Amino acid sequence: MKKVLLLHGWGGSDYPHWQSWLAGELAKDYGCVSFLKFSNFDFPNKNEWLLQLTKELEDFNPDIVICHSLANILWFHLCNEKKIREVQNLILVSPPSPECTIKELSSFFPCTLPASLYAKNSLLITSTNDPYITKKETQELEEALNIESLVLENAGHINSDSGYGEWPWILEKIKNLSN
């Protein structure tokens, strides 16, 4: 199995969030997984998170990166710095609006969309009713990034609050990418 790096967003992705579930499921099959816990995730700082992510990418050298929520914006900032090696697969789940105005997240915004995602293959997964991004912004993001997308019906922010604890689909997707 290839190396999988999971990147959480604002507030973390503790159990029963699908990312913590996925980390456990991958580890059960002796998968090589890193679930990076960013510092101060309730009051995140972009520059601190960028340093932590850069170190983890160097140390772990993942093949697959899965971002949730604010981690997508962090990935965009890293891509804009152009100091990143290409990964095999990138999955972006529930990115917030690049124009987000939440006070605690101000160091991350606004965010310029990158010209390259530094991934050979990429997938954007969004929901029709995510409270952090409008349908129009989602469509603009998909077009600007020129990325394949999957839109889930009424899945909220695709987190445990919207019923995404166990998410067998994402596990199968990762296993298929690892073959």
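A few points about this structure:
- The distance separating the Cα centre of the range 56-99 from that of the range 115-137 comes to 12 Å.
- Computed from backbone phi, the HN-Hα couplings of the range 102-117 come to 5, 3, 5, 10, 4, 5, 8, 10, x, 10, 7, 6, x, 6, 9, 8 Hz, rounded to whole numbers (Karplus: 6.51 cos²θ - 1.76 cosθ + 1.60, θ = phi - 60°; Gly and Pro given as x).
- Formal net charge of residues neighbouring residue 40 (Cβ-Cβ distance under 12 Å; K, R +1; D, E -1): -1
- Per-residue Cβ neighbour counts within 10 Å put 142, 137 in the sequence 142, 137, beginning with the fewest.
- Three-way shape call for the range 3-178 based on the alpha-carbon gyration tensor, with the a/c threshold at 1.5: rounded
- Least to most buried among 109, 43 (fewest other Cβ within 10 Å first): 43, 109
- Projecting the Cα atoms of 94, 146, 10 onto the charge dipole of the range 3-178, computed from C-beta unit charges around the Cα centre, puts 146 farthest toward the positive end.
- Amide H contacts under 5 Å for residue 34: 4, 5, 6, restricted to partners 5 or more places along the chain or on a different chain, H placed in the peptide plane at 1.01 Å from N.
- Prolate/oblate/rounded call for the range 19-110, Cα gyration tensor, a/c under 1.5 rounded: prolate
Every read-out reported here was derived from the displayed coordinates using simple, explicitly stated rules and does not represent laboratory data. Quantities reported herein were computed from a predicted structural model and do not represent experimental measurements. Here the Cβ is made from the backbone with ideal geometry for all residues, glycine too, and neighbour counts use every protein chain on show.
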